[in-house]
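Input: a single structure, listed below in structure tokens.
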Amino acid sequence: MPDSPHALDPRRLVRVSMSVLLRIREDERFVLFHAASRPGSFGPPGGVVKYFPPAAAVLDALGFQEERPRHDGDRDTKRADLRGFLPTTCLRDFLHWFDSGAYRETAEECLERELVEELTEVDLRRLVPGVTSLDHRYVRTVSEGPHEVPGKPYRQYRRFVVHDAVAANATALRLVRELVAAGDDPGQSLVVTTGRDSIVHGRHGPVLVAPQSALLVGARRILPDVPPMR
């Protein structure tokens, strides 16, 4: 929890998380990556939007406190994430600032950064040079909350923005096809391709499909969260 006066009464806090997801697909097969923070679970590439240094003054004025990583090894990658706590009374102003786009990553910048990081995590570093060739097309925005969190004293607001990976050139098309091929390869244990039914069901064979994956095929999540390990 944040070290601020608001931390004294967590019932007056709201946890916020502003994320972007990338839908990579061929026909009705969707590419999912293994989530290191949730072993055995697979979800779409993407992650939390980061803010830039000039935003610090704005966020400080709103009482925003970043959620601290549980492990020291995560601190560099999680720094400046728009995921943390703020007073419930400041949520409206926080969303107004976020929607202005000032001093934060665009969806495209976030997805490019996240895809580079995640390709490395799933042992597909060789595909990183092709990341900048992808175009992105907006699909939908899904907002959740503020609502209560089981076992927690605070409420939670989350926003997920979904974009399609668009292969508008030969390099991008090759990248998408190689990702699909990796997901189809039983020897590649960190990437899977799966269909709509498995996403809705939350299972792809022996592995879990992360709940946010449902936003690739619809406007709401169906299954409960899988708690992170870190």
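Quick notes
- By the Kirkwood approach, averaging reciprocal distances over each pair of separate Cα atoms, region 149-230 gets a hydrodynamic radius of 15.1 Å.
- On the beta carbon distance between residue 166 and residue 12, with R0 = 45 Å, the FRET formula returns roughly 0.60.
- Accessible surface of the chain, 1.4 Å probe, proportion on carbon and sulfur as whole %: 51 percent
- The orientation-averaged projected area of the convex hull spanned by the Cα atoms of region 82-142 comes to 5.8 nm².
- Take region 114-230 with all the other protein chains still there, run a 1.4 Å probe, and you get 53 Å² of accessible area per residue.
- Ordered by 1.4 Å accessible area with all protein chains kept, 90, 110 run largest first as 90, 110.
- Cα-based radius of gyration of the chain once divided by 2.2 N^0.38 Å, which approximates compact folds: 1.02
- Area of residue 28 that stays accessible when all protein chains are in place (1.4 Å probe, Å², to 10): 90 Å²
- Among beta bridges that DSSP assigns inside the chain, antiparallel share in %, nearest 5: 75 percent
- Neighbour-limited loop hits for trypsin sites (Lys or Arg not before Pro), region 34-136 (at most 14 other Cβ within 10 Å; DSSP other than H, G, I, E, B): 70, 79
- Just so you know, the Rg over Rh for region 111-189 is 1.12, from Cα atoms, with Rh as the Kirkwood radius.
- Tail weight of P(r) past 13 Å, computed on alpha-carbon pairs of region 133-173, percent: 65 percent
- By the equivalent-ellipsoid construction on the alpha carbon gyration tensor, region 52-179 comes out with semi-axes of 31, 17, 15 Å, ordered largest to smallest.
The values are calculated or read from the model by the stated rules, or taken from the named source; none is laboratory data. Every value quoted in this text rests on a predicted model; they were computed, and no experiment measured them. As a convention, Cβ positions derive from the backbone with ideal geometry for all residues, glycine included, and neighbour counts pool all protein chains shown. Surface accessibility is based on the protein's heavy atoms, side chains included, excluding ligands, DNA and RNA. Shrake-Rupley method; radii C 1.70, N 1.55, O 1.52, S 1.80 Å.
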